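Accompanying notes for the structure given below.
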Amino acid sequence: MDEDATTIRVLLVDDHPVVRDGLRGMFAAAPGFEVVGEAGDGAEALVLVAALRPDVVLMDLRMPRMDGVTAIRELAERGLPGRVLVLTTYDTDADVLPAVRAGATGYLLKDAAREDLFHAVREAARGASVIAPTVAAKLLGQVREPVREPAREPLSPRELEVLELVAAGSTNREAAARLFISEATVKTHLIHVYAKLGVKDRASAVAAGFNLGLLTPSGRP
């Protein structure tokens, strides 16, 4: 998505009206965004996503009636459009892992700077991921065991491209230049690769890629 030419349509999902008011004001003051609706819980979000078709859903996690993780999972199962960017106060394992596994595109905390939030929404609209550093550390902390069997969740085409470049010896900066994405986005893709392959570093990811047949000596599956 061309962030300079396209208005990103955002749906706000949070059970606190004052939070929604603050977010609406922030996006109203920034060019390139339009808040198309607001929901106070996950169940209402499902209805509004189906009706409004937003580009990005800014989703809180702990809400009454239907929580954010359940809503994210339902959106994916129903095939409803819109990338889900979690925006929450919580960064515990019990919150982070279920949200990522349910299909969240990114995960930010509510203490994020305004520009970081705008950047994350733009990246989410493009299909890229932005994850708060503390959240990324927790995800990496969960990846400790070596691969013993094929990953249950396949790598996305972009994740495989990143893995191929890493296998060829590219640094994160070089991979970012080759793929025309930011270095931070490359790091986020690698976090997802590590999680899916059950490894904790670049070397182990490459080894797992060869063992699973995702990579060949030529660098291509």
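Once neighbouring chains are kept in place and the probe is 1.4 Å, which whole percent of the accessible area of the chain is contributed by carbon and sulfur?
Values: 5680 of 11010 Å².
Percent of accessible area from carbon and sulfur atoms in the chain: 52.
In the chain, taking the dipole from charged Cβ atoms about the Cα centre, the farthest positive-side position among Val206, Pro133, Val36 is held by Val206. Quick check on the chain: helices-only [θ] at 222 nm, where DSSP H runs of length 4 and up contribute -39,500 (n - 2.57) each and the sum goes over total residues. Nearest 500, please. Theoretical 222 nm ellipticity from helices: -15000 deg cm²/dmol. For the chain, the per residue solvent-accessible surface stands at 50 Å², with DNA, RNA and ligands left out and a 1.4 Å probe. The amide H of Leu87, built 1.01 Å from its N in the peptide plane, has Met59, Asp60, Leu108 as neighbours under 5 Å, considering only residues 5 or more places off or on other chains. Listed options for Rg/Rh (Cα atoms, Kirkwood Rh) are (1) 0.99; (2) 1.08; (3) 1.01. The value calculated from this structure is the one marked (1).
The values are calculated or read from the model by the stated rules, or taken from the named source; none is laboratory data. All values reported here derive from a predicted model rather than from experimental measurement. FYI the Cβ positions are ideal-geometry reconstructions off the backbone, even for glycines, and counts take in every protein chain you see. Side chains are part of the model used for accessible areas, which takes the heavy atoms of the whole protein and leaves out ligands, DNA and RNA. Shrake-Rupley method; radii C 1.70, N 1.55, O 1.52, S 1.80 Å.
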